[in-house]
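Asks: Before I ask anything, here is the structure I am working with.
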Amino acid sequence: QVQLVESGGGLVQAGGSLRLSCAASGRTFSGYTMGWFRQAPGKEREFVAAIRWSRGSTFYADSVKGRFTISRDSAKNTVFLQMSSLKFEDTAVYFCAADPSEITTRNRNSYDYWGQGTQVTVSS
C-alpha cells in the first residue's frame, strides 16, 4: 500500500522560504509521477509542481515558476518542494500525490495516492 507523508509546513513571513518533504513508501516509484498540489480555504485543489520519478523531468504551475523547485531523492524515496520568495497567496494546505503513470501532470484526477497535507501560512 502506497503511503505519502508530508512534512515541513509552517508559518513564514512573505519573502521567506520553506522546504516541504514527502516521504513515500509501499513500492518502488519508477514510472510514477509525483506531484504537489495545494488547497486554500474556499478554493479548489490546484496543481503546483510535478516530477517524473524515473527521468526527473519537472513541471510547474505558472504561479510558482521561478520561485518553487521540485526534486526527488531516489535513495530515500522522498520528494521535496523548495519554496522561495513566498507570497501571502501561497498560503494553503499542500498535498503530495502519486500518479502511477507518466502521461499527465496537472490533472489531480490522475493521482491515485495522496498524503494528509501540511499547512503553509505566509504572513504579509
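The values are calculated or read from the model by the stated rules, or taken from the named source; none is laboratory data. The model shown is predicted, which means the values in this text are computed figures rather than measured ones. Glycine gets a Cβ as well: all are built from the backbone with ideal geometry, and neighbour counts include every protein chain shown. The area values use the complete protein model at the heavy-atom level, side chains included, leaving out ligands, DNA and RNA. Shrake-Rupley method; radii C 1.70, N 1.55, O 1.52, S 1.80 Å.
Asks: Free of Cβ contacts under 8 Å to residues at least 40 places away in the same chain and hydrophobic (A, V, I, L, M, F, W, C), is that true of Ala50?
Replies: On the way: free of Cβ contacts under 8 Å to residues at least 40 places away in the same chain: no; hydrophobic (A, V, I, L, M, F, W, C): yes.
So Ala50 fails the test.
Asks: Count, please, the residues in the stretch 27-47 that happen to be over 19 Å from Glu102 (Cα atoms), part of a loop (DSSP other than H, G, I, E, B) and open to solvent by 30 Å² or more (accessible area, probe 1.4 Å).
Replies: So the answer is 5.
Asks: Now a separate question. List the number of the failed condition for Gly15; all other conditions in (1) at positive phi; (2) not in a loop (DSSP other than H, G, I, E, B) hold.
Replies: (2)
Asks: Looking at the structure I just gave you, is Leu81 part of a loop (DSSP other than H, G, I, E, B) and either surrounded by 12 or more Cβ atoms within 10 Å (Cβ to Cβ) or not aliphatic (A, V, I, L, M) (or both)? Break it down into steps so the answer makes sense when it comes.
Replies: Values: part of a loop (DSSP other than H, G, I, E, B): no; either surrounded by 12 or more Cβ atoms within 10 Å (Cβ to Cβ) or not aliphatic (A, V, I, L, M) (or both): yes.
So Leu81 does not fit the description; no.
Asks: Another question about this same structure. Sort out which residues of the stretch 92-108 are in contact with a Lys or Arg (Cβ under 9 Å, 6 or more places away or on another chain), open to solvent by less than 40 Å² (accessible area, probe 1.4 Å) and not in a strand (DSSP E or B), and write them in order of number.
Replies: Thr105
Asks: For the stretch 27-50, state whether one or more residues are closer than 18 Å to Gly10 by Cα and polar (S, T, N, Q).
Replies: So the first thing to find is which residues in the stretch 27-50 are closer than 18 Å to Gly10 by Cα, and the list is 36-41, 48.
Of the ones still in play, those that are also polar (S, T, N, Q) are 39.
Checking the stretch 27-50: at least one residue is closer than 18 Å to Gly10 by Cα and polar (S, T, N, Q).
Asks: Run Phe80 past the list (1) in contact with a Phe, Trp or Tyr (Cβ under 9 Å, 6 or more places away or on another chain); (2) within 13 Å of Ala49 (Cα to Cα) and report the number of the one that doesn't hold.
Replies: (1)
For (1) over 18 Å from Trp114 (Cα atoms); (2) under 14 Å from the mean Cα position of the chain (by Cα); (3) small (Gly, Ala, Ser), each residue gets a yes or a no:
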| site | (1), (2), (3) |
| --- | --- |
| Val12 | yes, no, no |
| Arg19 | yes, yes, no |
| Ser30 | no, no, yes |
| Gly35 | no, yes, yes |
| Glu44 | no, no, no |
| Val48 | no, yes, no |
| Arg55 | yes, no, no |
| Phe68 | yes, yes, no |
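Asks: With (1) crowded, with 17+ Cβ neighbours inside 10 Å; (2) of a type in the set (A, V, I, L, M); (3) farther than 19 Å from Ser101 by Cβ; (4) touching a Ser or Thr at 6+ places or on another chain (Cβ under 9 Å) as the list, and Ala24 as the residue in question, which single condition is left unmet?
Replies: Going through (1) crowded, with 17+ Cβ neighbours inside 10 Å; (2) of a type in the set (A, V, I, L, M); (3) farther than 19 Å from Ser101 by Cβ; (4) touching a Ser or Thr at 6+ places or on another chain (Cβ under 9 Å) one by one, Ala24 breaks only (3).
Asks: Of all the residues that make up the stretch 48-68, how many are within 14 Å of Ala97 (Cβ to Cβ) and buried (at least 21 other Cβ atoms within 10 Å of the Cβ)?
Replies: 5
Asks: Sticking with this one: Say whether the condition of being more than 16 Å from Gln119 (Cα to Cα) and modelled with pLDDT under 95 is met by at least one residue in the stretch 77-92.
Replies: No, that holds for no residue.
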